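*Asks:* Could you have a look at this structure, given as structure tokens, before my questions?
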Amino acid sequence: MKTGKIAQTFRIDNGKHFRLKDYDPANRGHWKSKDHATEALVQGIARTAELQDKLYAQDNWALLLIFQAMDAAGKDGAIKHVMSGVNPQGCEVHSFKAPSAQELQHDFLWRTTCKFPERGHIGIFNRSYYEEVLVVRVHSQILKGQGLPEKLMTKHIWDERFEDICSFERHMARNGTVIRKFFLHVSKKEQKKRFLERLEQPEKNWKFSASDVHERDCWGDYQDAYEDMIRNTASKHAPWYVVPADNKWFTRLVISTVIVDTLESLNLSYPKVDDANRKDLEAAKKKLLKE
């Protein structure tokens, strides 16, 4: 089944007029059900594997996928399913939790910069440097504990961080790293449902933390922070995709489509063998056949 322009529907590359309320977490486009979308997702996973092989062989571009979301929005599951067909030798996943003491001794981009994918590879950030304009913004006490000089912690700090992030992403894009950012947009109602499932099903208890409920109390503040983040950091070279997350199967289909479209836009191909190397290959073949 064709996915059409599904990726473009949720793409934000100019956030000037972005409003989060314009995006429905339960949206599933024209797709009627999970079964309806299964074939398209399977095809997308297979196509991603094909393109990743060429990305790795060509060794010019790198692809970074950033996932941000409220708790229980489905980041882990989306990464697991959508990237299930890729070669693990060319793909790395990094999760970023609270900064360590060493990380706090550096600028807020330091700990993620060294985790960027090398050429030919796909890197996945499960949370990222964007936490510095989300959780740190919602909980002001975290900022106070980061060791910054007091004179730098002004009311302009969030705009300054947005500016730094945009400059950094532009720099990385100019050096061959393609960045795609996903905000998995889950509704408060659906989050509650998933939290209860984690509490009621023993095999899912490990996924739940008491802090999840406390963060839920800050829902409105987080929604404002996400909206401001997307509005100020969406760009053509590093767009945001506001992906509906109330239906996990649709979330995964959208993400898969974005990845395939992005890799196809790079016009990837296997390296061509020049005449000199081809002669070496023929010589090696003849030697093996004589054995």
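The values are calculated or read from the model by the stated rules, or taken from the named source; none is laboratory data. Here the structure is a predicted model, which means the values were calculated and not measured. Here Cβ is always computed from backbone atoms with ideal geometry, including for glycine, and neighbour counts include all displayed protein chains.
*Asks:* Which of the residues that make up region 181-207 are assigned to a helix (DSSP H, G or I) and aromatic (Phe, Trp, Tyr)?
*Replies:* Hits for region 181-207 are Phe195, Trp206.
*Asks:* Acidic (Asp, Glu) and in contact (Cβ under 8 Å) with a residue 40 or more places away in the chain, is that true of Glu197?
*Replies:* So Glu197 does not fit the description; no.
*Asks:* Of a type in the set (Gly, Ala, Ser) and in a loop (DSSP other than H, G, I, E, B) - does that describe any residue in region 62-70?
*Replies:* No - not one qualifying residue is present in region 62-70.
*Asks:* Could I ask something else about it? Could you list all residues from region 153-174 that are closer than 15 Å to Phe108 by Cβ and touching a residue at least 12 places away in the same chain (Cβ under 8 Å)?
*Replies:* The answer is Ile157, Trp158, Asp159, Arg161, Phe162, Asp164, Ile165, Cys166, Phe168, Glu169.
*Asks:* Under 7 Å by Cβ, and 6 or more places apart or on different chains, what pairs join a residue from region 208-223 that is more than 22 Å from Leu20 (Cβ to Cβ) with one that is in a helix (DSSP H, G or I)?
*Replies:* These pairs meet every condition: Phe208/Phe195; Phe208/Arg198; Phe208/Leu199.
*Asks:* Can you pull out the residues in region 105-130 that are touching a Lys or Arg at 6+ places or on another chain (Cβ under 9 Å), under 25 Å from Cys218 (Cβ atoms) and not in a loop (DSSP other than H, G, I, E, B)?
*Replies:* Those that are touching a Lys or Arg at 6+ places or on another chain (Cβ under 9 Å), under 25 Å from Cys218 (Cβ atoms) and not in a loop (DSSP other than H, G, I, E, B): Phe125, Asn126, Tyr129, Tyr130.
*Asks:* Same structure again: Can we say Leu63 is at pLDDT 95 or above, surrounded by 13 or more Cβ atoms within 10 Å (Cβ to Cβ), over 15 Å from Val254 (Cα atoms) and more than 14 Å from the chain's Cα centre (by Cα)?
*Replies:* Against the criterion (at pLDDT 95 or above, surrounded by 13 or more Cβ atoms within 10 Å (Cβ to Cβ), over 15 Å from Val254 (Cα atoms) and more than 14 Å from the chain's Cα centre (by Cα)), Leu63 does not qualify.
*Asks:* Can you spot a residue in region 23-40 that is over 19 Å from Leu184 (Cα atoms), at pLDDT below 95, surrounded by 15 or more Cβ atoms within 10 Å (Cβ to Cβ) and of a type in the set (Gly, Ala, Ser)?
*Replies:* There is at least one residue in region 23-40 that is over 19 Å from Leu184 (Cα atoms), at pLDDT below 95, surrounded by 15 or more Cβ atoms within 10 Å (Cβ to Cβ) and of a type in the set (Gly, Ala, Ser).
*Asks:* Related question: Working carefully through the options Tyr222, Tyr226, find the one that is surrounded by 21 or more Cβ atoms within 10 Å (Cβ to Cβ), under 30 Å from Ile157 (Cα atoms) and of a type in the set (Phe, Trp, Tyr).
*Replies:* Tyr226
*Asks:* Right, something else. Using the structure shown, decide if Ala78 is of a type in the set (A, V, I, L, M, F, W, C) and in a helix (DSSP H, G or I).
*Replies:* The answer is yes for Ala78.
*Asks:* A further question on this structure: Does Lys193 satisfy the criteria of being surrounded by fewer than 17 Cβ atoms within 10 Å (Cβ to Cβ), within 15 Å of Gly74 (Cα to Cα) and within 22 Å of the chain's Cα centre (by Cα)?
*Replies:* For Lys193, the condition - surrounded by fewer than 17 Cβ atoms within 10 Å (Cβ to Cβ), within 15 Å of Gly74 (Cα to Cα) and within 22 Å of the chain's Cα centre (by Cα) - is not met.
*Asks:* Could you check how many residues of region 169-180 are closer than 22 Å to Tyr226 by Cα and out of contact with any Leu (no Cβ under 8 Å at 6 or more places or on another chain)?
*Replies:* 2
*Asks:* Moving on. Would you mind finding the one in Arg119, Arg127 that is within 29 Å of Tyr56 (Cβ to Cβ), surrounded by fewer than 18 Cβ atoms within 10 Å (Cβ to Cβ) and modelled with pLDDT of 95 or more?
*Replies:* Answer to the check: Arg119.
*Asks:* Please go through region 21-42 and pick out each residue that is assigned to a helix (DSSP H, G or I), in contact (Cβ under 8 Å) with a residue 24 or more places away in the chain and not hydrophobic (A, V, I, L, M, F, W, C).
*Replies:* The answer is Lys34, His36, Thr38, Glu39.
*Asks:* Taking into account only those residues within region 150-180 that are touching a helix residue (DSSP H, G or I) at 6+ places or on another chain (Cβ under 8 Å) and not in a helix (DSSP H, G or I), which is surrounded by the most Cβ atoms within 10 Å (Cβ to Cβ)?
*Replies:* Ile179
*Asks:* Which is within 18 Å of Asp59 (Cβ to Cβ) and either surrounded by fewer than 18 Cβ atoms within 10 Å (Cβ to Cβ) or not acidic (Asp, Glu) (or both), of Leu253, Leu263, Leu281?
*Replies:* Just a single option satisfies the conditions, and that option is Leu263.
*Asks:* Of the residues Thr251, Thr262, Thr233, Thr257, only one is under 15 Å from the mean Cα position of the chain (by Cα) and under 30 Å from Leu196 (Cα atoms); which?
*Replies:* When all the criteria are applied, what remains is Thr251.
*Asks:* A follow-up question, please. Report whether or not Ala234 is over 24 Å from Lys34 (Cα atoms) and either in contact with a Lys or Arg (Cβ under 6 Å, 6 or more places away or on another chain) or buried (at least 21 other Cβ atoms within 10 Å of the Cβ) (or both).
*Replies:* When the stated conditions are applied, Ala234 passes them.
*Asks:* Related question: Please identify the pairs in which a residue from region 89-114 that is touching a residue at least 24 places away in the same chain (Cβ under 8 Å) has its Cβ atom under 6 Å from the Cβ atom of a residue that is of a type in the set (Lys, Arg), counting only partners at least 6 apart or on another chain.
*Replies:* His94/Lys115; Phe96/Arg127
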